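One structure below.
The values are calculated or read from the model by the stated rules, or taken from the named source; none is laboratory data. This one's a predicted model, so the numbers in the text were calculated from it and none came from an experiment. When we count neighbours, we look across all protein chains shown, and the Cβ atoms used for this are built from the backbone with ideal geometry, even at glycine. Note: areas computed on protein heavy atoms with side chains; ligands, DNA, RNA excluded. Shrake-Rupley method; radii C 1.70, N 1.55, O 1.52, S 1.80 Å.
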Amino acid sequence: MSGSGVSVVIPAFEVARYVGEAIDSVLGQTRPPDELVVVDDGSGDATPEVIASYGERLAAIHQPHLGNAVASNRGVEATSGEYVAFLDADDIWASGKLALQLDVLERDPEADAVFGLVQQFLSDDADPSLARRVVIPASPQPGISKTAMLIRRPALERVGSFDETRRNGDFTDWYLRAQEQGLTSRVPEVVVAKRRIHGSNLGIRERHRQWPETLDVLKASLDRRRGG
C-alpha cells in the first residue's frame with residue numbers, strides 16, 4: 001500500500017492479558033484497516049508472544065522500553081496510509097469505529113480528524129476496591145484521546161510527532177499543539193471505543209506524575225500562544 005487506506009498503530013507495554021482483545025477489535029472492524037502495526041515497547045511479560053500469534057495479519061515491531069510516545073511515533077513511521085488511527089493496547093474499539101469515522105472525513109473535507117464517544121468500564125480482573133477509588137462515568141464521554149482519533153496523515157504530520165520526553169502527557173501536548181495550529185475535528189455522538197479501567201492504567205499507576213506533567217504541558221502551550 002502506498003498513500004491510501006487506513007493505518008492503525010497499537011503501542012503495547014506489558015498488556016499480555018488485554019492486547020489480544022485490542023487487536024481483535026481492530027481486525028474485526030466492519031471496515032477493516034489496510035495495515036495494522038503493533039509496537040511492543042520492551043515488555044517483560046508474554047505480550048510479544050501474543051502479538052506474534054497473529055502472524056502476517058499485522059506487522060510487529062519490538063523496541064526497548066522507551067515509552068508510549070516513542071512507540072506511537074515509531075508505529076506511524078512504519079505506516080503509509082492516508083488515514084491514521086491509534087488504539088491503546090488495553091482498550092477496545094467499537095466494531096463500526098473506522099467505517100463511521102471514514103464516512104465523516106469523506107463527507108467533510110474540511111475536517112482534519114474525527115473522534116467520538118468513549119465508554120469506560122471496569123475490567124473483569126480488576127480489584128473490586130478500584131471502583132471505589134476511581135470515578136468511572138456510567139455514560140459515554142466525549143473522547144478527545146489518541147484511542148478515539150482517526151486523522152488524515154497530512155494533518156498528523158503538520159502537527160508533528162508525539163513529544164518523546166512526555167511519559168504521561170504526550171497526547172495532551174500533541175492536541176494542544178494541534179489546536180494552536182487550527183486542527184479541525186468532529187466528535188459524533190457515537191461510542192467509538194471502550195476504555196478499560198484495571199488499576200495498572202498509566203494514568204492511574206503514575207497519577208503522582210501525571211498532574212505535574214499536565215500542568216507543564218498547559219504552561220508550555222500558554223507560553224507558545226503568548227509568544228506567537
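Might you check whether a residue that is closer than 23 Å to ASP40 by Cβ, touching a helix residue (DSSP H, G or I) at 6+ places or on another chain (Cβ under 9 Å) and open to solvent by 20 Å² or more (accessible area, probe 1.4 Å) occurs anywhere in region 91-106? Yes, that holds for at least one residue.
State whether one or more residues within region 209-222 are farther than 24 Å from VAL159 by Cα, at pLDDT below 70 and surrounded by 12 or more Cβ atoms within 10 Å (Cβ to Cβ). Scanning region 209-222, I find at least one residue that is farther than 24 Å from VAL159 by Cα, at pLDDT below 70 and surrounded by 12 or more Cβ atoms within 10 Å (Cβ to Cβ), so the answer is yes. Taking ARG57, is it loosely packed, with under 15 Cβ neighbours inside 10 Å, of a type in the set (Lys, Arg) and modelled with pLDDT of 95 or more? So ARG57 passes the test. Set side by side, the residues GLY44, GLY67 differ, and just one is over 20 Å from VAL192 (Cβ atoms), open to solvent by less than 30 Å² (accessible area, probe 1.4 Å) and either among the small types (Gly, Ala, Ser) or touching a Pro at 6+ places or on another chain (Cβ under 9 Å) (or both), which is GLY67. Evaluated against (1) closer than 25 Å to THR47 by Cα; (2) open to solvent by 20 Å² or more (accessible area, probe 1.4 Å); (3) charged (D, E, K, R), LYS146 falls short on exactly one condition, (2). Going by the conditions given, is PRO32 without any contact (Cβ under 8 Å) to a residue 12 or more places away in the chain and open to solvent by 10 Å² or more (accessible area, probe 1.4 Å)? So PRO32 does not fit the description; no. Of the helices (runs of 4 or more DSSP H) contained entirely in region 117-183, those carrying at least 3 residues that are more than 18 Å from TRP93 (Cα to Cα) and touching a residue at least 40 places away in the same chain (Cβ under 8 Å) fall at 153-159, 170-180.
Can you name every residue in region 99-140 that is more than 20 Å from ALA22 (Cα to Cα) and of a type in the set (S, T, N, Q)? Those that are more than 20 Å from ALA22 (Cα to Cα) and of a type in the set (S, T, N, Q): SER129, SER139.
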